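The values are calculated or read from the model by the stated rules, or taken from the named source; none is laboratory data. On a predicted model such as this, the values are computed, not experimentally measured, just so you know. Note: ideal-geometry Cβ built from the backbone for every residue, glycine included; neighbour counts use all protein chains shown.
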Amino acid sequence: MNIRDIDLNLLLVFEVVYAERNLSRAARTIGISQSAVSNALARLRDTLGQPLFVRAGQGVAPTPYAESVAADISNALAILRNALQESAFDFHSSERRFTLICSDYSAALILPAVQRRVEELAPHVTLQVIARQDSAGFDQALAQGEADLAVGGLPFLGGATRQQRLFDEHTVVLARQGHPATMRRVDPSVLNHYPHVLVNPYGNWQPWEQLLQEGAAIDPRIAIRLPTYLAVPYLLESSDHLAACPGRLATLLMRNFPLKILKLPSPIGTVPIGQYWHERTQEDPGHQWLRQLVHDLCRDM
């Protein structure tokens, strides 16, 4: 006999009848009619080629064959229930590894806080960070399970990608300490005068867009284009170049490098920072735990 010939629903009926020893009670337990229970037992009997129950008083009694398979059937159904049941994520003992897509911005600003909290709450959970340079790479990595979560300013993600806004990041302009532009309030003509370092990891960031929309005559000369912020402080501290930079990252860089934020007459733009994941992981308990952890940490940034 091939297992593909067996309707698993019939085994569920068998399990309840075996426990109740009464078709009426079994029907009430399952939530179907007594005739449906009788029909299910008849179908299972025909499939197995063996009698399963006989009348006994006001109920039924299992045949020797039913007695011989009852425990195995019950165990098999229990395994299926456990496999399909959504269980809570035990972060205290879990050894799960989560893979995040992070730019150097997210890795420098968000990842350290996430790592500290993970080590505190889930000492056996590990984090892995990978990088992607285009929207197709993000979508593919999340859809295929190569990555669990993407964190950063990634408004180009869509389709089956879920998202949650974490905070808004304002943009500032950095220069070296002692730079002539740091001595006074900066207007567009000053921004146009000096060469700029532009970090544009995904090819879609326009840091001057808000000023342009407000009618400012701004057309800065981009002298260097980079995919990451790693080299920015080294380029600025030894030149008169300027660089648009996320405000929180600029504050972090100024702790370790002789840099200063220029005083601008108006903001030059904001970028929504979020976390992004594929629809397939929406209900995963471990994934939900990680997303909540990231959200709670970013709320205070």
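Computed values, structure above
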quantity	calculated
Residue that is modelled with the lowest pLDDT [pool: residues in the range 266-297 that are of a type outside the set (G, A, S) and closer than 30 Å to L191 by Cβ]	P267
Cβ pairs under 6 Å, 6+ apart, first in the range 62-81 and without any contact (Cβ under 8 Å) to a residue 60 or more places away in the chain, second part of a helix (DSSP H, G or I)	P62/Y18; A70/Y18; S74/E15
Test: residue in the range 116-125 that is among the acidic types (D, E), assigned to a helix (DSSP H, G or I) and at pLDDT 90 or above	yes
Enumerated strands (runs of 3 or more DSSP E) restricted to the range 145-223, each holding at least 2 residues that are modelled with pLDDT of 85 or more and of a type in the set (D, E)	161-176
Residue that is farthest from Y229 (Cα to Cα) [pool: residues in the range 240-283 that are in a loop (DSSP other than H, G, I, E, B) and among the charged types (D, E, K, R)]	E283
Selection within the range 130-144 - surrounded by 13 or more Cβ atoms within 10 Å (Cβ to Cβ) and either at pLDDT 95 or above or part of a helix (DSSP H, G or I) (or both)	S135, G137, F138, D139, Q140, A141, L142, A143
Test result for R184, buried (at least 19 other Cβ atoms within 10 Å of the Cβ), farther than 30 Å from G137 by Cβ, of a type in the set (K, R) and not assigned by TED's automatic domain parsing to the domain that holds H278	no
Residue within the range 55-67 that is farther than 15 Å from N9 by Cα and in contact with a Ser or Thr (Cβ under 6 Å, 6 or more places away or on another chain) present	no
Among (1) touching a residue at least 60 places away in the same chain (Cβ under 8 Å); (2) outside any helix (DSSP H, G or I); (3) under 30 Å from H170 (Cα atoms) - the single one L100 does not satisfy	(1)
Condition broken by Q50, with the remaining ones in (1) assigned to a helix (DSSP H, G or I); (2) at pLDDT 90 or above; (3) surrounded by fewer than 16 Cβ atoms within 10 Å (Cβ to Cβ) satisfied	(1)
Where E86 falls short, out of the listed (1) of a type in the set (D, E); (2) within 23 Å of C298 (Cα to Cα); (3) at pLDDT below 85	(2)
Given (1) in contact with a helix residue (DSSP H, G or I) (Cβ under 7 Å, 6 or more places away or on another chain); (2) in contact (Cβ under 8 Å) with a residue 24 or more places away in the chain; (3) not charged (D, E, K, R), index of the condition N22 fails	(1)
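Table: residues versus (1) crowded, with 19+ Cβ neighbours inside 10 Å; (2) without any contact (Cβ under 8 Å) to a residue 60 or more places away in the chain; (3) β-branched (V, I, T).
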position	(1), (2), (3)
Y234	no, yes, no
E237	no, no, no
A243	yes, no, no
R248	no, no, no
F257	no, yes, no
H278	yes, no, no
Q288	no, no, no
Q292	no, yes, no
R299	no, no, no
